[in-house]
Amino acid sequence: MKIRVLNHKWILGVILGFISIAALLLSLPSSHSRVAVLVIGGPRSFSAPSIHKSILAYIKSLAIDPDFFFQLADLQDSTCDQMLIKYPHFSLHNALSYFTYSTKVISWDNPSCDEPNIKDSSCCGRENNPHYWTSYMRKVSAYNNVHQYELRNGFEYDWYIFIRPDLFFFEDSIVNLSTLNKNRIYISSKEMGEPLGDFIYMVPNNLIKHFVSSVVHHNDQACTEGREPDWPPEYQFDPFIYKHHNLPHQILPILFTIARCNGKADCFRLNNEVLHKLHLLHDGKLVTPEYYCNLLVNSSLLLQ
């Protein structure tokens, strides 16, 4: 009987030991980065399963358990309306429900000069603002929603990913956010000769306030002078964040395209200084991203 009692005590001690270790592990901070994904703009082709599924797959290859914040715009686009008629199974509701488990905020509100950060812009209260000013301020509105969520829950995200909702990714991320330098901003590329694109920004926590300030103020001079800045908008924005805040940046080789509602895509953007040497494997052959993109478009496989 003594031996049996001792065995019971030994087993109980082992169990309590495991419970203590488990409690300690649970109390430790998570080793992976907290990531907020800010999906911003008109939904456009986002309703297509091939599009929103590729976005989620790419983000999940980039970060573990990201949280999504949608700042959508109700844009009138006859081409996208025709897409929904042609493909009745495309549904924005179904697309958003695909992200339900990790979605924190879905907003359709237009940016307002009553909002934090935005109210500091010299463009507020003026009639002739740059026509893309509102689209850039949606980035700020989206961040305001994220920041309010952080305040309510008592933590801050390590990374903030700003992304369009109408992007199609050809492959998973070749990097993980946890391995990236937290002292620089990572930006997607554009077409040849215009390497900096405004499609995707990955911003670490310690640079997010400078980044948002740059979004708010990069058009101040144009608004004050009552003129339209040069096109495209990133020609004004990207130099501003380095000149005024000295924010270091790096272009990431991200293989994606803008998927249009008519089934076309901006395949030409894949031919740039960052991506033109990369190849994808297709039918046992190495092909350029631009070739593969056009192949998807011509075979009507982009939207499905």
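The values are calculated or read from the model by the stated rules, or taken from the named source; none is laboratory data. Because the structure is a prediction, the values reported are computed rather than measured. Here Cβ is always computed from backbone atoms with ideal geometry, including for glycine, and neighbour counts include all displayed protein chains. Please note that ligands, DNA and RNA were not included when accessible areas were found on the heavy atoms of the full protein model with its side chains. Shrake-Rupley method; radii C 1.70, N 1.55, O 1.52, S 1.80 Å.
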For a Förster distance of 22 Å, can you work out the FRET efficiency between the beta-carbons of ILE174 and TYR101, rounded to the nearest 0.05? 0.30
Using a Gaussian network model of the chain whose springs link C-alpha atoms within less than 10 Å, name the residue from ILE200, ILE254, ILE174 with the highest mean-square fluctuation. ILE174
LEU84 paired with LEU301, simple spin-label distance in nm, labels 7 Å along Cα-to-beta-carbon: 2.9 nm
Which ³J(HN,Hα) values, rounded to whole Hz and listed in residue order, are derived for the stretch 253-264 from phi using the Karplus coefficients 6.51, -1.76 and 1.60 in 6.51 cos²θ - 1.76 cosθ + 1.60 with θ = phi - 60°, glycine and proline given as x? x, 9, 8, 8, 9, 6, 9, 7, 5, 8, x, 8
Under a 5 Å amide H to amide H cut-off, with H placed in plane at 1.01 Å, what residues pair with ARG260 once short-range neighbours are removed? ALA265, ASP266
Which of the helices in the chain, when you take each full DSSP H run, stretch at least 15 Å along the axis at their Cα atoms and have an average Kyte-Doolittle score of -1.0 or higher? 2-27, 49-62
With every protein chain kept in place and a 1.4 Å probe, the residues THR79, THR257, THR224 fall, from largest accessible area down, as THR224, THR79, THR257
Round to the nearest 10 and report in Å² the accessible area of ILE64, as given by a 1.4 Å probe over the protein chains' heavy atoms. 90 Å²
For the stretch 263-304, run through the trypsin sites (Lys or Arg not before Pro) and keep only the ones in DSSP coil with at most 10 other Cβ atoms within 10 Å of their Cβ. LYS277
Just the Cα atoms of the stretch 181-229, one point each, no solvent: what log10 I(q)/I(0) does Debye give at q = 0.31 Å⁻¹? -1.04
As a check on your grasp of the helix formula, calculate [θ] at 222 nm for the chain: sum -39500 (n - 2.57) over DSSP H runs of n ≥ 4, divide by the residue count, round to the nearest 500. -12000 deg cm²/dmol
Listed residue pairs exceeding 30 Å between alpha carbons, taken from LYS139/LYS285; LYS60/LYS243; LYS139/LYS277; LYS53/LYS119; LYS139/LYS190; LYS53/LYS277: LYS139/LYS285; LYS60/LYS243; LYS139/LYS277; LYS53/LYS119
Rounded to two decimals, the Rg over Rh value of the stretch 17-176 from Cα coordinates and the Kirkwood Rh reads 1.05
Whenever you get a sec, compute what percent of the accessible area on the stretch 196-304 sits on carbon and sulfur atoms (1.4 Å probe). 52 percent
GLN148 to HIS210: extension gain in nm, 0.36 nm per residue of separation minus the Cα-Cα distance? 20.6 nm
Need one number: the % of Cα-Cα pairs in the chain sitting beyond the 25 Å mark. 55 percent
Considering the dipole of the stretch 171-304 built from charges on the beta carbon (Lys and Arg +1, Asp and Glu -1) around the Cα centre, which of SER173, LEU196, GLN304 is farthest to its positive end? SER173
Rounded to the nearest whole number, the per residue volume of the convex hull around the C-alpha atoms of the stretch 84-212 in Å³ is 192 Å³
